[in-house]
Amino acid sequence: MGEKKKKIIKTIKVDVDKCNGCRACELVCSAFHAAPKYSSNNPARSRIRVIHDPLRDIYVPVYAGEYAKAECMGRDKYVIDGKEYDECAFCRSSCPSRDIFKEPDSGLPLKCDMCEDDPPQEKPLCVQWCLNDALIYEEREEEVEEEVKQEDVEIGLESMIDKYGLEKIMETVARISLSKKD
Ligand code: SF4
Ligand code: SF4
């Protein structure tokens, strides 16, 4: 058993009934994560996506969670208040079954980092920009077992290896490191 440690758990509560699909959250998230910051915006790069279907009056903001290397074998289907939601509609994973939560140029997985910043933001930006209060930020303290955190670079590499194979990645790294020495 690992050592217990106090940790601040950050959550964004989603009130689906208040979301009108304006997608301001997508815009600000992608702008905040652009390099340099706020230099561009592109919802495809956002770590929150609004699953929308205006004909069925469905707007579900979902923010990006962990990378998954394989599709689920079974799928969930939800019917809430008579509205039938698409399979995977509430899932937060960057996974091979769909295009969301992948950096469009590289295909690398995107994950919400709660707008990590220095100095820290008062609240995550998507929460600040949601004028309908559909996104509610909450913090609580919990005792958790200390875990070994997988670095973002490791997650990115793992997804590239899943996609192209280890051999191809090793070849590419070797070629790039040679060209950097020139
Ligand atoms: S900013 Fe708020 S209301 Fe607009 S799409 Fe995002 S969650 Fe929905
Ligand atoms: S908390 Fe920040 S990183 Fe996460 S979805 Fe909202 S704007 Fe994007």
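The values are calculated or read from the model by the stated rules, or taken from the named source; none is laboratory data. Computed from a prediction, not measured in an experiment: that's the story for all the values here. All Cβ positions, even for glycine, are placed from backbone atoms using ideal geometry, and neighbour counts span all protein chains on display.
Structure notes:
- Residues (exposed (fewer than 10 other Cβ atoms within 10 Å of the Cβ) and modelled with pLDDT under 85) located in segment 137-153: Glu147, Val148, Lys149, Glu151, Val153
- Residue within segment 6-13 that is hydroxyl-bearing (Ser, Thr, Tyr) and within 16 Å of ligand 2 (Cβ to nearest atom) present: yes
- Looking across Phe32, Phe90, one residue alone is hydrophobic (A, V, I, L, M, F, W, C) and touching a residue at least 40 places away in the same chain (Cβ under 8 Å). It is Phe32.
- Any hit, segment 145-167, residues being touching a residue at least 12 places away in the same chain (Cβ under 8 Å) and assigned to a strand (DSSP E or B): yes
- Qualifying positions in segment 97-136 - without any contact (Cβ under 8 Å) to a residue 60 or more places away in the chain, away from ligand 1 (no atom under 16 Å from the Cβ) and under 14 Å from the mean Cα position of the chain (by Cα): Arg98, Asp99, Lys102, Glu103, Gly107, Leu108, Pro109, Glu116
- Members of segment 37-89 that are at positive phi and either within 13 Å of ligand 2 (Cβ to nearest atom) or in contact with a Gly (Cβ under 7 Å, 6 or more places away or on another chain) (or both): Tyr38
- Extreme residue, nearest to ligand 1 (Cβ to nearest atom), among residues of segment 1-39 that are in a loop (DSSP other than H, G, I, E, B) and of a type in the set (S, T, N, Q): Asn20
- For Glu142, the requirement of being within 16 Å of ligand 1 (Cβ to nearest atom) and part of a strand (DSSP E or B) is not met.
- Against the criterion of being surrounded by 19 or more Cβ atoms within 10 Å (Cβ to Cβ) and farther than 30 Å from Glu143 by Cβ, Cys72 does not qualify.
- Residue match in segment 114-133 (condition: touching a Cys at 6+ places or on another chain (Cβ under 6 Å), aliphatic (A, V, I, L, M) and either exposed (fewer than 13 other Cβ atoms within 10 Å of the Cβ) or modelled with pLDDT of 95 or more (or both)): yes
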